[in-house]
Structure formats: structure tokens, C-alpha cells
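Report on the following structure.
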Amino acid sequence: MIPSLTLDFEIAMAILLVLWVLCAKPEYGLFLYGLALGFPDVAIPLGTTINIRLDDCLMLFFLLRCVLWTPAPLAAGQRKVLGWQALLLAVCFLSAVFEFAVGTPPAAYETVKMVGCAAIILVLPRLVQSERRLRFLIVGLACGGIALALQIVEHLGSSSANRSANFQEYKSAAAFMTWNPNTIGHAAMLVVFASGLGWIVFQRSRPGRIF
């Protein structure tokens, strides 16, 4: 029993140390967040439609950090982006209120997705406040997209060769346990979004333009 208690204590201390590093150096957390998007099977299922993935846990941690850790004031550009995103959230909220009023409330899956989007919209503008942090996020997104593409190749390799005859079957064969059949689109979006951000931030560098 004593070795078990010792092991539990060491694991708890290791987790606390990692959380402290992520609080002090959020750029590493941003890299992990982008990378975690490339591993959809690392998830805990809650029911039949909702899964808690590693990126969800990181976003919850970032949300708590924004509440407990006083960040620097937002720049003018960040405030403008946050304003447009707040307008989008307001429209979504009014849409949900209308659905409740007519007796067709949104399903739990859509509700959880909207709550997650609200957390992301609130957290990321407060967290990505320097070029260094944006670099880490871009690299994490690119690595996550490449990792997801490699996993798709493995999923397709373990499927029947006839799967490629129909595009919908092709998508279903590439799907993961915790993501929908649009996994190929997720991989493409991660890589393209990271490339777009990288071109905006590092457009003067030759590797940035080539990528």
C-alpha cells in the first residue's frame, strides 16, 4: 500500500509541475493544444455522442488560467476580432433561444459544441498576445494536421481496398472513433489554417512563403 501511495503522490506532483509550467509558459500549452487536435482518438467518451478530448481539457485549463491569472490588456486588433466573435456568439445564442421557444431545443451535442466554441473565443484572444506564442500555436497546428493525415493513411490501409470506390465510404473508412466522417476535412483545415497563419506572421521569410 505504501508504494502505491508514493506512486500516486509522485504522479500528482508531476501533474502539478506540468500545470505550473503551462501557466508560466502558455506558449507550450498552445503547442500542445494544436498538436492534440491531431489525435482525436485520445478521448474519454461521455454517453454516445459526446467525447472529452485532450484539447478540450487544455481549453478548460486555459479558461481557468484566464480567470485566475490577470492577463495583459488586449491590443486594438484583438478587441476588434473579439467583438466580431462576440457578435457571432450573440446570433447563435438568439438562435438557441428561438429553438427553445418553438419547442425544438438543440440537442446536447450541439449545446456542448457551442459552449466549447464560446470558451475558445474567450480564451484564445487573451492567450495569444505575442508573436512567440503565435509561433508555437502555428507549429502545433501544423504538427497536429500532419499527424492526423498519417493516422488517416493508417485507417485507410486497414480498410478494404474497395472503400475508395465511393467518396462517402472513403470518408467513413478514414473516420476515428471520436470524430465524424469528415476527419479528412479536419486534417486539411489544420494544415491550411496553420499555413495561412504562418504566411501572415512570417511572410518575409523564404521558408514561410514556400510552406
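The values are calculated or read from the model by the stated rules, or taken from the named source; none is laboratory data. Because the structure is predicted, anything quoted here is derived from the model rather than measured. Cβ coordinates were reconstructed from backbone atoms using ideal geometry, including for glycine residues, and neighbour counts include every protein chain displayed.
For the reader, a short list of remarks on this structure follows.
- Those residues of segment 37-65 which are more than 19 Å from residue 125 (Cα to Cα) and either part of a helix (DSSP H, G or I) or touching a Gly at 6+ places or on another chain (Cβ under 7 Å) (or both), in sequence order: 38, 54
- Residues of segment 97-156 that turn out to be among the β-branched types (Val, Ile, Thr), surrounded by fewer than 18 Cβ atoms within 10 Å (Cβ to Cβ), within 25 Å of residue 178 (Cα to Cα) and free of Cβ contacts under 8 Å to residues at least 60 places away in the same chain, as a count: 4
- One residue from 148, 124, 137, 156 being under 12 Å from the mean Cα position of the chain (by Cα), closer than 19 Å to residue 39 by Cα and assigned to a helix (DSSP H, G or I): 137
- For first residues located in segment 165-181 and within 15 Å of residue 39 (Cα to Cα) and surrounded by 15 or more Cβ atoms within 10 Å (Cβ to Cβ), partners that are among the small types (Gly, Ala, Ser) and at pLDDT below 70 and lie 6+ apart or on another chain with Cβ distances below 6 Å do not occur.
- Selection of segment 84-121 for residues being among the β-branched types (Val, Ile, Thr), at pLDDT 80 or above and not in a loop (DSSP other than H, G, I, E, B) yields 91, 97.
- Any hit, segment 72-80, residues being more than 16 Å from the chain's Cα centre (by Cα), modelled with pLDDT of 80 or more and surrounded by fewer than 12 Cβ atoms within 10 Å (Cβ to Cβ): no
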